[in-house]
There are 2 protein chains.
Amino acid sequence: MKQITKYVLRHDTKRLFTYRQCLIGFKRKGFDRIFSYNLGEEAGVTAEQVRKDFSVFKIKGNKKAGYKIDDLLTAIEEVFKYQLNQHVIIVGMGNIGKALVQYKRFMLRKMIIVASFDIDPTKQSKRWGIPILPLEMLDDIIKRFHVKVAIIAVPEMSAQDIVNKLIDLGIKGFLNFAPVILKTPENIVVHNINLCDELESVIYYTQKVVE
Amino acid sequence: MKQITKYVLRHDTKRLFTYRQCLIGFKRKGFDRIFSYNLGEEAGVTAEQVRKDFSVFKIKGNKKAGYKIDDLLTAIEEVFKYQLNQHVIIVGMGNIGKALVQYKRFMLRKMIIVASFDIDPTKQSKRWGIPILPLEMLDDIIKRFHVKVAIIAVPEMSAQDIVNKLIDLGIKGFLNFAPVILKTPENIVVHNINLCDELESVIYYTQKVVE
DNA sequence: TTTTAATTGTGAAATTAATCACAACTATGA
DNA sequence: TCATAGTTGTGATTAATTTCACAATTAAAA
C-alpha cells in the first residue's frame, strides 16, 4: 500500500461509498445479483466506470452473471473495514452543528458522534442523547474516546483557532463547514464543505445549461 | 461561449468562489494588491493554479505588481453577475432544511431563499422570516418568484417524487442533500451533497495518512 | 534613463480521470 | 456437449486537470 502524505480524495474511492449505498437499496428491493449497468445507472455513472472502479480495488464479478450483491458489499466493507465505529466530535452548535448532531444516518453508517461542543454555556445540555459540552472538556473526551476526526461547524472567525487546538489534542482529520481554508500541517486531512459555494455553483450551471 | 448540455462542475470555476472569498478577507485586512502566491496560499492551491485559473477567465494582472484586489473582485463578479439575486426554495424542513433556512451567508452572497416547504402542517409557519409552506403552494411560489433552483432536504424516500414534481414546475437546478442519486433529464443540473459520504471519506483518509 | 529583480501569462509536459473497444469468460438453451 | 449471447476485465485512447518552466513584462532602484 502506497503511503499517502498529502490528502487527495480520489474519485474512485468516493464512488465506492455511492455504490455501497445503491447496493443496499437494491438488496432491500429484493435483488441478489446485479450487472455493472444496473449499478451504474443507479449511481449516476457509466457501466465502464463501475467496472473500472471495482478493478482498482480488485473486486471481481462473474462474467455473464454479473456481481453478487452480498459479495460486493463484503468487498467494499473490506476496503473500509478498519474505519467502522470511529468516534467523531462536532464543534460548534450553530444551525449546521445542531443539524449534524441530530443526523441519524451517521449512526446507520457506523460513525459515532460521541459529543458536541460549544463555547456558549446556554447551549450546553444533553438534548438528542449526545451531550453538548464546554470546550474545556475537549481534551478529556478526545482522549477517552480516542477521537481522531472532528466536524467543524463554528463561525468563520474561530475556525482556525479551534482547529489549531484540536490538532494539538491529537485530531487528524476535519470535515469543515466554516467558510475558510484552514491552515494545517502535512498529514492532517481537511475536507471543506462550503454551502454557499455549492449553492452558487448550482445556480451558475443552471443558467449555463441550454434550455 | 460553448454550450453546456451536460452538467459538469469544472474545478477552475469552483475555485473562483474560493478566490473571491479569500479576496474579500484580504480586503478586510487592509490589503489592496496581492500576488498569485498570496492568494494561492490562502486558497490552498499553488500560485500557478491561481494564475492558470485567472487566465481561463481572461482575468489579467500586472506583471511585477501582481493583482489589484478590487479589479479581481470586479472581474470575478463579472463572471457570475447574471446570477446575483437568484431566488431559491428549500424543500424539506428536517434537520438539514431547518439549518439551511437559517443560514445567513446565502443572503450575504446574494442568493435569496424565498420560501421553504414541508409536507408536515405542524412545521408550516413563518419562523426566521422565511415562510414554511405546504407543498400545494410550490406552483404559486415558483411562478411568482421565477424560481429555477431548489434545495432538496427531504428524506431519501420522497426525494425523487419531489424532484419530478419540481421539474414539471420549471425547476432547472438542484442542490440535493437526500442520499439518493436523482434520475433527471438532460439539461437539469444536480449537485449532490451526501454528508455521510463526506464524513466517511475524511475518516478513510485520516486512517491512511502517514503519522 | 538604464538596470535589476520579481511577477505574470501561458505553452508544454506530466498526471489523473473517464471512455472506448474488445478479448475472455460463462450461464443458458439447443 | 456445443453454440450462443451477454457480461466482465482491462489495455488503449481520449479528455481534463495540474504542474513545470521560462519568456515577456514592469515597478522600483540605481
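Data table
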| item | result |
| --- | --- |
| Residue within the stretch A:71-86 that is part of a loop (DSSP other than H, G, I, E, B) and more than 18 Å from A:Val147 (Cβ to Cβ) present | no |
| Matching entry among B:Ile167, B:Ile162, B:Ile151 (being touching a helix residue (DSSP H, G or I) at 6+ places or on another chain (Cβ under 7 Å) and at pLDDT 95 or above) | B:Ile151 |
| Subset tally (residues that are within 10 Å of DNA strand C (Cβ to nearest atom), among the β-branched types (Val, Ile, Thr) and either open to solvent by 70 Å² or more (accessible area, probe 1.4 Å) or not in a helix (DSSP H, G or I) (or both)) for the stretch A:19-61 | 3 |
| Test: residue in the stretch B:184-200 that is assigned to a loop (DSSP other than H, G, I, E, B), open to solvent by less than 10 Å² (accessible area, probe 1.4 Å), under 23 Å from A:Cys22 (Cα atoms) and facing chain A (nearest Cβ under 9 Å) | yes |
| Options A:Ile112, A:Ile119, A:Ile171; residue that is open to solvent by 40 Å² or more (accessible area, probe 1.4 Å) and in a loop (DSSP other than H, G, I, E, B) | A:Ile119 |
| Given (1) loosely packed, with under 14 Cβ neighbours inside 10 Å; (2) more than 13 Å from DNA strand C (Cβ to nearest atom); (3) under 19 Å from B:Thr13 (Cβ atoms), number of the condition B:Val79 does not satisfy | (1) |
| Residue under evaluation B:Lys98, criteria (1) in a helix (DSSP H, G or I); (2) in the same structural domain as B:Met157 (by TED's automatic domain parsing); (3) more than 26 Å from A:His191 (Cβ to Cβ), criterion not met | (3) |
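Listed here are the residues, each with its yes/no results for (1) in contact with a Ser or Thr (Cβ under 9 Å, 6 or more places away or on another chain); (2) within 16 Å of DNA strand D (Cβ to nearest atom); (3) closer than 30 Å to B:Gly129 by Cα; (4) not assigned by TED's automatic domain parsing to the domain that holds B:Lys165.
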| site | (1), (2), (3), (4) |
| --- | --- |
| B:Thr18 | no, yes, yes, yes |
| B:Lys29 | no, no, no, yes |
| B:Phe35 | no, yes, no, yes |
| B:Val50 | yes, yes, no, yes |
| B:Ser55 | no, yes, no, yes |
| B:Gly61 | yes, yes, no, yes |
| B:Ile76 | no, no, no, yes |
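The values are calculated or read from the model by the stated rules, or taken from the named source; none is laboratory data. Quick caveat, the model's predicted, so the values are computed rather than measured. Methodologically, a virtual Cβ is constructed for each residue, glycine included, from the backbone with ideal geometry; neighbour enumeration extends over all protein chains shown. When the accessible area is computed, the model is the full protein with side chains, heavy atoms only, and any ligands, DNA or RNA have been set aside. Shrake-Rupley method; radii C 1.70, N 1.55, O 1.52, S 1.80 Å.
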